[in-house]
Amino acid sequence: MADNKRDYYEVLGVQKGASDDELKKAYRAMVKKYHPDLHPDDKDAEEKMKEVNEAYDILSDKEKRARYDQFGFAGVDPSYSAGQGGGGFGGFSGGSYGGFGDIGDIFESFFGGGFGQQTRSNPNAPRKGQDIKTAVQISFMEACKGTGVDIRVNRLERCPDCGGTGARAGTSAEICPDCRGTGTVRVTQRTPLGVFQSTKSCDRCGGKGKVIKDVCPSCQGQGRVRRVLSKNVSIPQGIDDGQTLRITGEGDCGLNGGQNGDLIIRVNVRADEMFEREGFDIYSEVPISYMQAALGDEINIPTIDGSVKYRIPAGTQNGDTFHLRGQGVPRLYRSGRGDHHATVRVVVPKGLSKKQADLLKAFDDSLDDRNRPDKRKFSDWFKS
Ligand SMILES: [Zn+2]
Ligand SMILES: [Zn+2]
């Protein structure tokens, strides 16, 4: 890059022995010619301005100028002597704006913020409407099966009376007389360096280039009106607590033809007494009797589809879990379902009569090691 740099004197258009005054004069002329405020969005002018600043930065400094005269760019540009970003001779700010002394300060003060701020946001550019966030609460079962809910939406819509123009029906916005529709006005400023012209956003029309004389009474010229409406939203099966749905284009109306915002609905799912959910699997507990556990039985397992018959084997233990494949929650936006995991709880009978207690004791006495292996283990443990 540095290889095709132009000679600093050439950049400013002065002789090698130019006096300070001549330098200053040349610099002013170049600034007038290439200042970015006079050439918005002109990359070429911006590059030229950088080049001019760099040249003036060096040549206006006695020491740097002397080094430049003697060694050329190698005398002033750190990248020549010490590679990228190296220290070198220092003192030169690498061609960026700023750092050019008193004159720079004067520019800063009257161009307001200086260079590099040429990208004003265009007030006529299409802008997307705001997203609207809301929440709904549904039951556990509704989340599993899907449902429809009515929600209230409070949003900005295109004004039906003016069609979004903001001008009273039958009239239209007019070209702004201050800026003649350009949205910008020229500002002339006198400074010690001469007269400068710059542009700024037109105050009268806010940069839009148009003014509304006869404002639409329905929207006060905003082009949008607030409306509260009820909307039926279908909640897909498989949704889980805390998940959100995004309905594209159902938020606030966009501006200048921009697209509408979205409607974002957070779904809160109430807990269920019987079922717990993890992903698309469901967990539940099923009470069984001591006898059912010992002898096995066909039991009823409640699932989200209702009661399902399931045969548990003889010798089922408290806490054993049985898996019903594909009987959990339908997968959101996909096919297939999770599983249902049913854990049995053996219910120990309470309030036994004398006769029942005697029968139970007699039954327990009849058990041997084969029926209850842990009985032996415990007695062995006590013996040792
Ligand atoms: Zn209107
Ligand atoms: Zn204007």
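Numbers below:
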read-out: Residue within segment 203-215 that is in contact with a Lys or Arg (Cβ under 7 Å, 6 or more places away or on another chain) and basic (Lys, Arg) present; value: no
read-out: Some residue of segment 345-363 being of a type outside the set (Phe, Trp, Tyr), under 24 Å from Asp240 (Cα atoms) and surrounded by 11 or more Cβ atoms within 10 Å (Cβ to Cβ); value: no
read-out: All helices (runs of 4 or more DSSP H) inside segment 13-77 with 1 or more residues being free of Cβ contacts under 8 Å to residues at least 60 places away in the same chain and more than 49 Å from the chain's Cα centre (by Cα); value: 20-34, 62-71
read-out: Search result, residues across segment 45-93 that are of a type in the set (Asp, Glu) and either at pLDDT 85 or above or surrounded by fewer than 17 Cβ atoms within 10 Å (Cβ to Cβ) (or both); value: Glu47, Glu51, Glu54, Asp57, Asp61, Glu63, Asp69
read-out: Members of segment 249-290 that are within 30 Å of Gln317 (Cα to Cα), among the polar types (S, T, N, Q) and either without any contact (Cβ under 8 Å) to a residue 60 or more places away in the chain or assigned by TED's automatic domain parsing to the domain that holds Ile151 (or both); value: Ser284
read-out: Members of segment 330-344 that are farther than 15 Å from Tyr310 by Cα and either of a type outside the set (D, E, K, R) or surrounded by 13 or more Cβ atoms within 10 Å (Cβ to Cβ) (or both); value: Pro330, Arg331, Leu332, Tyr333, Ser335, Gly336, Arg337, Gly338
read-out: Candidates Arg226, Arg266, Arg246 - the one that is in contact with a Ser or Thr (Cβ under 8 Å, 6 or more places away or on another chain), surrounded by fewer than 16 Cβ atoms within 10 Å (Cβ to Cβ) and over 30 Å from Pro36 (Cβ atoms); value: Arg266
read-out: Scan of segment 147-156 for residues that are within 16 Å of ligand 1 (Cβ to nearest atom) and among the basic types (Lys, Arg), ordered by number; value: Arg155
read-out: Filtered residue count, segment 173-197, keeping only those that are more than 16 Å from ligand 2 (Cβ to nearest atom) and without any contact (Cβ under 8 Å) to a residue 24 or more places away in the chain; value: 3
read-out: Checklist (1) part of a strand (DSSP E or B); (2) over 30 Å from Pro236 (Cα atoms); (3) among the aromatic types (Phe, Trp, Tyr) applied to Tyr310, failing item; value: (2)
read-out: Residue match in segment 229-237 (condition: in contact with a Pro (Cβ under 6 Å, 6 or more places away or on another chain) and either polar (S, T, N, Q) or outside the structural domain of Ala26 (by TED's automatic domain parsing) (or both)); value: yes
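The values are calculated or read from the model by the stated rules, or taken from the named source; none is laboratory data. What you see is a predicted model, and the numbers here were worked out from it, not measured in a lab. Cβ atoms come from the backbone with ideal geometry, glycine included; neighbour counts cover every protein chain shown.
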